[in-house]
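Here is the structure we will look at.
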Ligand SMILES: Nc1ncnc2c1ncn2[C@@H]1O[C@H](COP(=O)(O)OP(=O)(O)O)[C@@H](O)[C@H]1O
Ligand SMILES: O=c1ccn([C@@H]2O[C@H](COP(=O)(O)O)[C@@H](O)[C@H]2O)c(=O)[nH]1
């Protein structure tokens, strides 16, 4: 299957803003925000950015990984600032699998991988039966403002503490995962482009587009084996919330993507994405990534926290 690749177009300025509270404003306000952004991207070049408005390649900001907490990390220059790559798509579309394929090529030193899912709100104050009834596919179920704060901090060269979410208990673990900046920040989630501020925080937006029947089959298998569900609960959740929310929020957000990857592990599309991301790495790291074998099917797993 051939990849449908659109031009990488968005030039975006990251800023922390409050998310729109009104979900009913989703349609119009999202469109307005996106149009504003597209218009802004055509207003000539910004210093330190390339013709697409993306930060130019330069030295990685690896030094932030080794600083002591008491030290103040050096603020990355515009040319060094991390590139945020958003990977959205429906549940089971292959977001994590695609992220891992990209990560395995670009290398741990150059990339960090953050899941929007890690920012699900903690439901430990509810009885376990009540937790399972929550609509986890509505944007309000996630602490997106915290993710926005973290992306902004990483872009400034600061490490962040990412929550660790447990899908079986629908709650956050006591521990958090410390994540330090890298040149490429992969962030994935079903609702990433449905939240205008989060979409805006992504320099490159990729949508993994997989048919609903395949996604459902994958989810059924995964949720039973990895997330402690039964076939009955997966089917009930899918019909009651996952499917309607997909149609209301996820599917319409596809139009904000720069690139659409059909059925996930599409090697043509992946190689083009990887080549583009390599261009942001310093020469030695880019050469090493380019020398790695072409993308193969990684063992798909579904972490809920961060991996790289
Ligand atoms: N291209 C693929 N072919 C077959 N199975 C896949 C493929 N991509 C993902 N999967 C399977 O589907 C499940 C969901 O994939 P995942 O990457 O976790 O999707 P998402 O992150 O979008 O929910 C995984 O458990 C994996 O086993
Ligand atoms: O406690 C929870 C939190 C989330 N979910 C479901 O997870 C998916 C999103 O994860 P993917 O890896 O993209 O599938 C979302 O559809 C939620 O319904 C959950 O079941 N329980």
Answer with yes or no whether residue 153 is without any contact (Cβ under 8 Å) to a residue 24 or more places away in the chain, farther than 29 Å from residue 263 by Cα and not in a strand (DSSP E or B). yes
Residues to consider are 276, 255, 221, 229; find the one that is touching a residue at least 40 places away in the same chain (Cβ under 8 Å) and either within 14 Å of ligand 1 (Cβ to nearest atom) or farther than 21 Å from residue 143 by Cα (or both). 276
Scan (1) in a helix (DSSP H, G or I); (2) buried (at least 24 other Cβ atoms within 10 Å of the Cβ); (3) more than 11 Å from ligand 1 (Cβ to nearest atom) for the single condition residue 114 breaks and write down its number. (1)
Selection within region 184-225 - more than 13 Å from ligand 2 (Cβ to nearest atom), in a helix (DSSP H, G or I) and touching a helix residue (DSSP H, G or I) at 6+ places or on another chain (Cβ under 7 Å): 196, 197, 198, 199, 200, 201
Only one of (1) near ligand 2 (Cβ under 10 Å from one of its atoms); (2) crowded, with 17+ Cβ neighbours inside 10 Å; (3) in contact (Cβ under 8 Å) with a residue 60 or more places away in the chain is not met by residue 138, so which one is it? (2)
Check off (1) in a loop (DSSP other than H, G, I, E, B); (2) without any contact (Cβ under 8 Å) to a residue 24 or more places away in the chain; (3) under 22 Å from residue 101 (Cα atoms) for residue 264 and give me the number that stays unchecked. (2)
Mind listing whichever residues of region 107-127 are farther than 19 Å from residue 281 by Cα, more than 9 Å from ligand 2 (Cβ to nearest atom) and touching a helix residue (DSSP H, G or I) at 6+ places or on another chain (Cβ under 7 Å)? 119, 121
Test each condition in (1) more than 19 Å from residue 162 (Cβ to Cβ); (2) more than 11 Å from ligand 2 (Cβ to nearest atom); (3) within 14 Å of the chain's Cα centre (by Cα) for residue 144 and report the one that comes out false. (1)
Whichever residue in region 158-183 is assigned to a strand (DSSP E or B) and within 16 Å of ligand 2 (Cβ to nearest atom) and, among such residues, is nearest to the chain's Cα centre (by Cα): 162
Checking the conditions here, which among 134, 160 is modelled with pLDDT of 95 or more and farther than 30 Å from residue 232 by Cα? 160
Matching residues in region 87-106 - criterion: being more than 8 Å from ligand 1 (Cβ to nearest atom) and touching a helix residue (DSSP H, G or I) at 6+ places or on another chain (Cβ under 7 Å): 87, 88, 101, 102, 105, 106
Have a look at 263, 295 and point out the one that is at pLDDT below 90 and touching a strand residue (DSSP E or B) at 6+ places or on another chain (Cβ under 8 Å). 263
Residue 240, sole failed condition from (1) in a helix (DSSP H, G or I); (2) within 11 Å of ligand 1 (Cβ to nearest atom): (2)
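The values are calculated or read from the model by the stated rules, or taken from the named source; none is laboratory data. Here the structure is a predicted model, which means the values were calculated and not measured. Using ideal geometry, Cβ is built from the backbone for each residue, glycine included, and neighbour counts are taken over all protein chains shown.
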